[in-house]
Amino acid sequence: MEFMQCLLRAAGTLVWLAALTLSAPAGAQIEAVGAASVAPPPAGAGAAAGQLAELQVLYEKTRHSVVRIETDHGLGTGFFYHSPEHVATAYHVVHNARAIEIALDDERRVPARVVAWDERYDLAILRLEGPAPGRPVLEPFTDAIEVGMPVAVLGHPYADLSRLLPQLRGLLNWSLTQGIVGAVSDSWIQTDAAVNPGNSGGPLLSRDGRLLGVVSARLREAEAIGLVTHVDRLQDLTQRIGMPAPPLDVIAFDSVELGWATHYIEDGEISGFTVGAGLLIADAWLPRLRVAFLDGEFAPPEAAVTEREVKRFDTEFELGYLLLDTWFRLSAQIGVALFYDRSYDTRLSVIDAGPEIDKSVHRTTDWRVDPMIGVTPQVGPLRFNYAYQWDPGEGGHSQHRWYAALAF
């Protein structure tokens, strides 16, 4: 009986499997194997390739419209706008500039001058004083600018570094960053596209290469918040082309310097840290104040003195005149130096004519004022100076003074 029940169960199982096989579609097994053997493309791969191609087209379309602006006090970005003879930029790029030069991407350089400016919206328009044929002019974006729309920035962030570091040659200039519009007002646009020093005055571009605005600034303590002047404000400024050039400041800040100075005197030398600051007056005169803390050892002035150490507080005031002011700067100076010295003399003496020798340190102070004359060559931020400081009382105290400093 049990044998018959087992046999009936086995027969039922075979009938169920046969029915399942006959009811399945003929191509089902092949289709499943084929789907398992070919992986589907990653999600978004096609979109990423399309975005890359779009950015490459944007770069090639707008690169020749963007220029580098070099002035006697800095570097920024600009672009052809309104006509092939006009370049738009940020006002602070050319503010108080005595000389403006436009560098094209074919290495040509053309001088320019300001023909319209708006300090409130940080805008300026320059007119080239030489030919630049064939340069495409950026077209303004006339549709509504909306939050979230993709944008790009083209310019020259930290481009000065490419001149100083060989490994950066070919980089930083005409470089592209991308982001989105974060917020919009009537006159300003916020973006998270990377904006750095050197990008100022560059274009904020839509993905089809039209101009949305002019890069003005970034919030220093924030992350990825750039501020861009709306293209409408630039369009308004084109109606005022022909304005007088902006006034130049008679007195302007020149630089702060940090360096190391060495004074060579007849019987020794003294060295130490120096810090200074100066102004630029009427484009040519350079008053500067400098202080230094120095020390060194000198030849003993007497037979009984075995060592002499001098600690000096030095204050110098000089008036310089610019002889040359390009990428290489040269100035000549006259001035005065105020020295306050503390001398420490180590003396040996015999105690009561006996065999014992006493060692003592005697401290003296001295101060004097010396006239000086000097010359300062400078390349980029690296400044050198030589001055001859003459002691009218004792010629032996006259000295040659050198220092090297970083100016910024």
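The values are calculated or read from the model by the stated rules, or taken from the named source; none is laboratory data. In this text the structure is predicted, and so the values were computed from the model without any measurement. Here Cβ is always computed from backbone atoms with ideal geometry, including for glycine, and neighbour counts include all displayed protein chains.
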First in the range 381-408 and of a type in the set (D, E), second anywhere and at pLDDT below 95 and surrounded by 14 or more Cβ atoms within 10 Å (Cβ to Cβ), Cβ under 6 Å, 6 or more apart:
D391/D370; D391/H397; D391/S398
Considering only residues that are touching a strand residue (DSSP E or B) at 6+ places or on another chain (Cβ under 7 Å) and of a type in the set (A, V, I, L, M), look in the range 277-288 and name the one that is surrounded by the most Cβ atoms within 10 Å (Cβ to Cβ).
L280
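For R120, indicate whether it is free of Cβ contacts under 8 Å to residues at least 12 places away in the same chain, more than 20 Å from the chain's Cα centre (by Cα) and within 27 Å of L248 (Cα to Cα). If you could, list the steps in order and put the result at the bottom.
Numbers: free of Cβ contacts under 8 Å to residues at least 12 places away in the same chain: yes; more than 20 Å from the chain's Cα centre (by Cα): yes; within 27 Å of L248 (Cα to Cα): yes.
Yes, satisfied.
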Would it be correct to say that T306 is exposed (fewer than 14 other Cβ atoms within 10 Å of the Cβ), in contact with a Ser or Thr (Cβ under 6 Å, 6 or more places away or on another chain) and either touching a residue at least 60 places away in the same chain (Cβ under 8 Å) or not assigned by TED's automatic domain parsing to the domain that holds R113 (or both)?
yes
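Please go through the range 146-160 and give me each residue that is surrounded by fewer than 18 Cβ atoms within 10 Å (Cβ to Cβ) and either touching a Phe, Trp or Tyr at 6+ places or on another chain (Cβ under 8 Å) or under 20 Å from G201 (Cβ atoms) (or both), ordered by number.
Looking only at the range 146-160, we keep the residues that are surrounded by fewer than 18 Cβ atoms within 10 Å (Cβ to Cβ), and these are 146-150, 158, 160.
Scanning the range 146-160 gives Y158, D160.
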Specify the residue that is farthest from R63 (Cα to Cα); the eligible residues are those in the range 222-241 that are surrounded by 14 or more Cβ atoms within 10 Å (Cβ to Cβ) and of a type in the set (G, A, S).
A224
For the range 101-114, how many residues meet the condition of being over 22 Å from the mean Cα position of the chain (by Cα) and surrounded by 21 or more Cβ atoms within 10 Å (Cβ to Cβ)?
1
For the range 211-221 the number of residues that are farther than 17 Å from P157 by Cβ and surrounded by fewer than 19 Cβ atoms within 10 Å (Cβ to Cβ) is 1
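Mind telling me which of the residues E257, E266 ends up being assigned by TED's automatic domain parsing to the domain that holds M372, in contact (Cβ under 8 Å) with a residue 40 or more places away in the chain and under 25 Å from the mean Cα position of the chain (by Cα)?
On the way: E266 fails: under 25 Å from the mean Cα position of the chain (by Cα).
Of E257, E266, the one residue that is assigned by TED's automatic domain parsing to the domain that holds M372, in contact (Cβ under 8 Å) with a residue 40 or more places away in the chain and under 25 Å from the mean Cα position of the chain (by Cα) is E257.
Residues being part of a loop (DSSP other than H, G, I, E, B) and under 19 Å from G213 (Cα atoms): count how many of those fall in the range 109-130.
Going residue by residue through the range 109-130, those that are part of a loop (DSSP other than H, G, I, E, B) are 119-122, 129-130.
So of that shortlist, the ones also under 19 Å from G213 (Cα atoms) come out as 119-122.
Counting residues in the range 109-130 that are part of a loop (DSSP other than H, G, I, E, B) and under 19 Å from G213 (Cα atoms) gives 4.
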Picking from V256, V291, V336, which residue would you name as being surrounded by fewer than 18 Cβ atoms within 10 Å (Cβ to Cβ) and over 23 Å from P381 (Cα atoms)?
V336
For the range 60-84, pairs from a residue that is part of a helix (DSSP H, G or I) to a residue that is of a type in the set (F, W, Y), with Cβ under 9 Å and 6 or more apart or across chains, are T62/F79; R63/W174; H64/F80; S65/F79; S65/F80; S65/Y81
With R127, R98, R135 as the choices, which residue is among the charged types (D, E, K, R) and under 24 Å from the mean Cα position of the chain (by Cα)?
R98
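I'm trying to understand the selection: among the residues of the range 85-108, which are at negative phi, part of a loop (DSSP other than H, G, I, E, B) and out of contact with any strand residue (DSSP E or B) (no Cβ under 7 Å at 6 or more places or on another chain)? Steps first, please.
To start, the set of residues in the range 85-108 that are at negative phi comprises 85-95, 97-106, 108.
Narrowing further to those that are part of a loop (DSSP other than H, G, I, E, B): 85, 90, 95, 97-99, 104-106, 108.
Result: H95, R98, D105, D106, R108.
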Scan the range 180-202 and tell me whether some residue there is touching an Asp or Glu at 6+ places or on another chain (Cβ under 7 Å) and surrounded by fewer than 19 Cβ atoms within 10 Å (Cβ to Cβ).
yes
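What do you reckon, is R240 within 16 Å of Q389 (Cα to Cα) and of a type in the set (K, R)? Reasoning before the result, please.
Details: within 16 Å of Q389 (Cα to Cα): no; of a type in the set (K, R): yes.
No, not satisfied.
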